[in-house]
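**Q** This is the structure I have questions about; it appears just below.
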Amino acid sequence: MASGVTVSDEVVKVFNEMKVRKASSPEDIKKRKKAILFCLSEDKKNIIIEEGKEILVGDCDDLDDVYGSFAEMLPKQDCRYAIYDATYETKETKREDLVFFFWAPDCAPLKSKMIYASSKDAIKKKLTGIKHEFQANHYEDVKDRCNLAFKLGGSTVITLEGKPV
């Protein structure tokens, strides 16, 4: 069932910027988003960018564990959508793919889980070109990098964000 929630143009714009990897200056690359969270507006009618919930490529050098920092950004007791730009290596090649996350922890309010679940199709239709989707209901699901690695390529993935899986 559709919720009637709409996706803000800013969400689509940010996603398209993440999707297109142009050869740019080192400064532009540092400003590129590595991860970003999306939430519902206060009136529950729009999916918007969550203020201050992003990781830039330039931040990655200062983070010991980029993926772990992303997992820590997810709220413990509410739902979110997220896009994560995963850099990983398989036995054959190095890859970068965008992953759509649907975070709905068991302890989130029922009303929140229902509206986020019923609005998921709306955001997925607007964010064209997503290869991987990861739905998580427990923090253990997202904090373990092996779970994401498995979603990206099963047992063929040997590193995620430069760290062995």
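The values are calculated or read from the model by the stated rules, or taken from the named source; none is laboratory data. Here the structure is a predicted model, which is why all the values come from computation and not from measurement. When we count neighbours, we look across all protein chains shown, and the Cβ atoms used for this are built from the backbone with ideal geometry, even at glycine.
**Q** Could you please find all residues in region 1-31 being at pLDDT below 80 and of a type in the set (S, T, N, Q)?
**A** 3, 24, 25
**Q** I'm checking my understanding of the structure. Among residues of region 81-95 that are in a strand (DSSP E or B) and over 13 Å from the mean Cα position of the chain (by Cα), which one is surrounded by the fewest Cβ atoms within 10 Å (Cβ to Cβ)?
**A** Only one residue fits best here, namely 94.
**Q** Would you mention how many residues in region 115-130 are modelled with pLDDT of 90 or more and surrounded by fewer than 15 Cβ atoms within 10 Å (Cβ to Cβ)?
**A** Matching residues across region 115-130 total 4.
**Q** OK, next. Can residue 64 be described as over 13 Å from residue 119 (Cβ atoms), surrounded by 15 or more Cβ atoms within 10 Å (Cβ to Cβ), at pLDDT below 95 and out of contact with any Asp or Glu (no Cβ under 9 Å at 6 or more places or on another chain)?
**A** The answer is no for residue 64.
**Q** For region 1-40, enumerate the residues that are small (Gly, Ala, Ser), at negative phi, touching a residue at least 24 places away in the same chain (Cβ under 8 Å) and not in a strand (DSSP E or B).
**A** Listed by number, the residues that qualify are 2, 3, 8.
**Q** Could I ask something else about it? Is there a residue being at negative phi, touching a residue at least 60 places away in the same chain (Cβ under 8 Å) and either assigned to a helix (DSSP H, G or I) or surrounded by fewer than 19 Cβ atoms within 10 Å (Cβ to Cβ) (or both) anywhere in region 96-105?
**A** Yes: region 96-105 contains one or more residues that are at negative phi, touching a residue at least 60 places away in the same chain (Cβ under 8 Å) and either assigned to a helix (DSSP H, G or I) or surrounded by fewer than 19 Cβ atoms within 10 Å (Cβ to Cβ) (or both).
**Q** If residue 50 meets every condition in (1) within 24 Å of residue 137 (Cβ to Cβ); (2) crowded, with 18+ Cβ neighbours inside 10 Å apart from one, which number is that one?
**A** (2)
**Q** Given the options 130, 123, name the one that is under 26 Å from residue 32 (Cβ atoms) and either assigned to a helix (DSSP H, G or I) or among the small types (Gly, Ala, Ser) (or both).
**A** Step by step, each of 130, 123 is checked, and only 123 is under 26 Å from residue 32 (Cβ atoms) and either assigned to a helix (DSSP H, G or I) or among the small types (Gly, Ala, Ser) (or both).
**Q** Pick from 78, 141: which is surrounded by 15 or more Cβ atoms within 10 Å (Cβ to Cβ), farther than 25 Å from residue 31 by Cα, free of Cβ contacts under 8 Å to residues at least 12 places away in the same chain and within 16 Å of the chain's Cα centre (by Cα)?
**A** 141
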